[in-house]
Amino acid sequence: MRIVLLGPPGAGKGTQATRLIEKLGVPQLSTGDMLRAAVAAGTPIGLKAKAIMDAGQLVPDDVVVGIIDQRIDAPDCATGFILDGFPRTVAQAEALRAMLATKGLKLDAVIELVVDENALVDRMRKRVAETIAAGGTVRADDNPESFKTRLETYRAQTAPVSAHYAERGDLKQVDGMRSIDEVTAAIGTALGR
Ligand code: ADP
């Protein structure tokens, strides 16, 4: 299955993607994780992306489209993938459709995790506290100022992606305010699994 997970930062896309990997046996493709790996490795893309990401803005469409285009050709994507954090702009959604079409493929489902915005900052703070308690490294963009920009970026550039898929009749919305298990179950129902 080829699936897109949509939702604001802190909606739980990563958590649910991890569960879907097991259930569907396809990889999670997180552009955020891939970009963070590029930053850590100091690649040219990473060097270009770091300041943009830290500020909570979007890296250019052509960069992420290029990353995904290459990644979905890998053998582990042959039976499908879960896109997490991509597409984040309508232009990326259009590029994705075109890219899949040239490969003779199309999406099976677009799932949006719908979350009350007031809950998101609290979730980010909780993630930071848990990461520190576990001795991990807090994401450079998990601070109140960058998070505010991430939410604004989401509203301005990514919310229209949901509308784009809804217009095409491809969007399935799931209540992301319920427990992790309930959200997983609701996604399963939406996918007919
Ligand atoms: P979030 O918790 O906000 O969903 P991600 O890990 O998905 O975070 O992404 C972190 C950052 O990486 C984003 O704020 C953005 O700078 C960059 N990024 C990730 N995916 C994309 C994308 N599809 N287009 C542009 N920038 C992206």
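Condition check for ALA109 on (1) under 23 Å from PHE147 (Cβ atoms); (2) more than 10 Å from the ligand (Cβ to nearest atom); (3) crowded, with 16+ Cβ neighbours inside 10 Å: one failure, at (1). The condition of being of a type in the set (D, E, K, R), surrounded by fewer than 17 Cβ atoms within 10 Å (Cβ to Cβ) and within 22 Å of LYS50 (Cβ to Cβ) holds for only one of GLU130, GLU152, that being GLU152.
Quick one: is ASP61 over 19 Å from ARG168 (Cβ atoms) and loosely packed, with under 15 Cβ neighbours inside 10 Å?
Numbers: over 19 Å from ARG168 (Cβ atoms): yes; loosely packed, with under 15 Cβ neighbours inside 10 Å: no.
Answer is no for this residue.
If the condition is being surrounded by 12 or more Cβ atoms within 10 Å (Cβ to Cβ) and in a loop (DSSP other than H, G, I, E, B), then the range 178-192 contributes only ARG178. Just to be sure before I move on: is THR15 polar (S, T, N, Q) and at pLDDT 95 or above in the structure I sent? Answer is no for this residue.
Within the range 71-90, the set of residues being without any contact (Cβ under 8 Å) to a residue 60 or more places away in the chain, open to solvent by 30 Å² or more (accessible area, probe 1.4 Å) and within 17 Å of the chain's Cα centre (by Cα) comprises ARG71 only. Only residues that are surrounded by 13 or more Cβ atoms within 10 Å (Cβ to Cβ) and either within 17 Å of ALA119 (Cβ to Cβ) or at pLDDT 95 or above (or both) were counted in the range 161-177, giving 11. Among the helices (runs of 4 or more DSSP H) confined to the range 1-102, the ones with at least 2 residues that are away from the ligand (no atom under 15 Å from the Cβ) and either small (Gly, Ala, Ser) or farther than 24 Å from ALA129 by Cα (or both) are located at 13-24, 90-102.
Each residue in the range 30-53 was checked for being under 24 Å from GLY10 (Cα atoms) and exposed (fewer than 15 other Cβ atoms within 10 Å of the Cβ), and 4 of them qualify. Restricting attention to the range 103-129, the residues that are touching a helix residue (DSSP H, G or I) at 6+ places or on another chain (Cβ under 8 Å) and in a helix (DSSP H, G or I) total 4.
The values are calculated or read from the model by the stated rules, or taken from the named source; none is laboratory data. A quick note: this is a predicted structure, and the numbers were derived from the prediction, not measured. Neighbour counts are summed over all protein chains in view; Cβ atoms, including those assigned to glycine, are modelled from backbone coordinates with ideal geometry. Please note that ligands, DNA and RNA were not included when accessible areas were found on the heavy atoms of the full protein model with its side chains. Shrake-Rupley method; radii C 1.70, N 1.55, O 1.52, S 1.80 Å.
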